[in-house]
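Where a number appears in this text, it was derived from the coordinates with a stated rule and is not lab data. Quick caveat, the model's predicted, so the values are computed rather than measured. Here the Cβ positions follow ideal geometry from the backbone for every residue, glycine too, while neighbour counts run over all protein chains shown.
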Amino acid sequence: MAESEPTRPRCRLYLITPPSFAPDSFADDLADALAGGDVACLQLRLKDCSDDAVRAAATRLMPLAHARDVAFLINDRPDLAHELGADGVHIGQQDMAYADARRIVGRDAIVGVSCHNSHHLAMEAGEAGADYVAFGAFYPTATKQAKFSAAPEILQWWQETFVLPCVAIGGITPENCEPLVRAGADFIAVASGVWDHPAGPQAAVRDFNSVFDRVAADIDQG
């Protein structure tokens with residue numbers, strides 16, 4: 001009997017923190033979210049704050065993530081990711097060259113790279129050794145001012161051409177994520193779509209996972 005073709009891995013959720021928060025109160029929101037179902041990763045994304053504020057937030061949140069087997073990444077700062085023992089770092093095109101980030105965090109850490117809507121940037125990051133590439137924004141977002149707009153077709157292209165995982169980001173909610181999952185996103189990155197969900201973070205995570213399960217079942221059935 002011929003072996004069947006391997007099915008595509010199920011899409012997973014990639015949480016991003018709000019750009020500012022009080023660590024103790026946000027820890028309750030994070031615990032609530034993680035109780036809602038499968039989460040692959042949490043990215044600490046604090047803007048316009050001191051290094052000590054990043055340290056304090058990471059010290060409070062990283063144990064919660066690790067207790068649920070959730071990878072903990074720090075945005076922009078490979079130096080702090082290495083210092084604090086995070087699982088890795090996410091860098092943008094304006095933050096630091098991939099090679100410099102890799103040198104700082106080490107070969108075993110995760111390094112993800114924002115590639116906006118660019119085939120070229122994504123291929124460059126993949127060839128350099130990035131652990132994942134991130135595309136977006138796919139929808140309007142209030143979390144940050146998006147300078148680039150991406151279409152689902154870039155996810156399909158990437159999925160059909162490369163093995164390296166891709167992340168979809170930008171204005172994604174449980175209601176609008178399905179086209180991106182079907183197009184080929186390995187991870188759906190979400191901030192306000194979880195933290196500002198009207199029914200709370202736990203319900204948001206549960207709703208995202210319901211979509212992921214449904215799409216995975218459809219793909220398995222051919």
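Structure data summary
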item: Cα gyration tensor, region 109-163 - rounded (a/c under 1.5), prolate or oblate; result: oblate
item: Added length on full extension, which subtracts the Cα-Cα distance from 0.36 nm per residue, residue 161 to residue 49; result: 36.4 nm
item: Length released on extending from residue 97 to residue 59, taking residue separation times 0.36 nm less the Cα-Cα span; result: 11.0 nm
item: Which of 184, 57, 35, positive extreme of dipole for the chain (C-beta unit charges); result: 57
item: Cβ-placed point charges (K, R +1; D, E -1), dipole of region 69-121 about Cα centre in debye, nearest 20; result: 180
item: 222 nm mean residue ellipticity, helices alone, for the chain (DSSP H n ≥ 4; -39,500 (n - 2.57); rounded to 500); result: -12500 deg cm²/dmol
item: Length gained when the stretch residue 7-residue 153 is fully extended (0.36 nm per residue, less Cα-Cα span); result: 50.6 nm
item: Separation between Cα centres of region 72-101 and region 126-162, rounded to whole Å; result: 18
item: Debye, to nearest 20: dipole size of region 6-157, +1 on Lys, Arg Cβ, -1 on Asp, Glu Cβ; result: 300
item: Entry for Rg and Dmax of the Cα atoms in Å (calculated from the structure that is shown) out of (i) 16.8, 60; (ii) 16.2, 47; (iii) 18.4, 61; result: (i)
